[in-house]
1. Between 111, 129, 136, which is within 24 Å of residue 178 (Cβ to Cβ) and either under 20 Å from the mean Cα position of the chain (by Cα) or surrounded by fewer than 18 Cβ atoms within 10 Å (Cβ to Cβ) (or both)?
2. Identify, from the list 60, 92, 142, 96, the residue that is over 18 Å from the mean Cα position of the chain (by Cα), surrounded by fewer than 18 Cβ atoms within 10 Å (Cβ to Cβ) and touching a residue at least 40 places away in the same chain (Cβ under 8 Å).
3. Go through (1) at negative phi; (2) modelled with pLDDT of 95 or more one by one and return the number of the condition residue 144 breaks.
4. Which numbered condition trips up residue 132, out of (1) more than 22 Å from residue 89 (Cα to Cα); (2) in contact with a helix residue (DSSP H, G or I) (Cβ under 8 Å, 6 or more places away or on another chain)?
5. With at pLDDT 95 or above and on the phi > 0 side of the Ramachandran plot as the only criterion, which of 177, 117, 181 stands out?
6. In region 80-96, which residue that is part of a helix (DSSP H, G or I) and in contact with a helix residue (DSSP H, G or I) (Cβ under 6 Å, 6 or more places away or on another chain) is farthest from residue 141 (Cα to Cα)?
7. Taking the condition without any contact (Cβ under 8 Å) to a residue 24 or more places away in the chain and out of contact with any strand residue (DSSP E or B) (no Cβ under 7 Å at 6 or more places or on another chain), does residue 148 pass?
């Protein structure tokens, strides 16, 4: 008489959609897709700002004030700053060519990096710096503008610039460019393999 031993099935665990990048968190498939959608839509916000300010599609920028027609893409924002410690600095920078080029390069660079899913670490660091400068211009902490009128700030600390910065940090930490993006291919290039901070 022989006794048959039946193998017990081994417990299984959920598996991430893709292999994690070294040092990066690996979100599960639904979270990975949601982070990719967040990355792409945030990138499209920056790309649209770049395109509208460059060509003046008539939304935030009229065609007469378009960059291609001699307008200053950063001047409108810089002149509108009416509060905070950066007010006089931003007014002085208004219309400066180097500011326009830096602002537009930032918008284009962030938009392309986020939509394509490459260079997310650089985008997170540089984008956070840019967003903190813009937050300093909005200065939501103030209750009154420099002319004494109410600032009407909906929140004394958090505004869209802080949210954008946190999104950029989140998608970089989670390697969100690997889903619906070129992140996986970017990570395999010799340059990025050598300098991992370029991820």
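The values are calculated or read from the model by the stated rules, or taken from the named source; none is laboratory data. This is a predicted model, so every value here is computed, not measured. Glycine also receives a Cβ, built like all others from the backbone with ideal geometry; neighbour counts cover every protein chain displayed.
1. Numbers: 129 fails: within 24 Å of residue 178 (Cβ to Cβ); 136 fails: within 24 Å of residue 178 (Cβ to Cβ).
Of the residues listed, the single one that is within 24 Å of residue 178 (Cβ to Cβ) and either under 20 Å from the mean Cα position of the chain (by Cα) or surrounded by fewer than 18 Cβ atoms within 10 Å (Cβ to Cβ) (or both) is 111.
2. Unique residue meeting the criteria: 142.
3. Of (1) at negative phi; (2) modelled with pLDDT of 95 or more, only one is false for residue 144: (2).
4. (1)
5. Of the residues listed, the single one that is at pLDDT 95 or above and on the phi > 0 side of the Ramachandran plot is 117.
6. Among residues in region 80-96 that are part of a helix (DSSP H, G or I) and in contact with a helix residue (DSSP H, G or I) (Cβ under 6 Å, 6 or more places away or on another chain), the one farthest from residue 141 (Cα to Cα) is 93.
7. Details: without any contact (Cβ under 8 Å) to a residue 24 or more places away in the chain: yes; out of contact with any strand residue (DSSP E or B) (no Cβ under 7 Å at 6 or more places or on another chain): yes.
Judged against the criteria, residue 148 is a match.
For (1) farther than 26 Å from residue 135 by Cα; (2) touching a helix residue (DSSP H, G or I) at 6+ places or on another chain (Cβ under 7 Å); (3) at pLDDT 95 or above; (4) part of a helix (DSSP H, G or I), each residue gets a yes or a no:
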site	(1), (2), (3), (4)
18	yes, yes, no, no
26	yes, no, no, no
45	no, no, yes, yes
51	no, no, yes, yes
98	no, no, yes, yes
101	no, no, yes, yes
104	no, yes, yes, yes
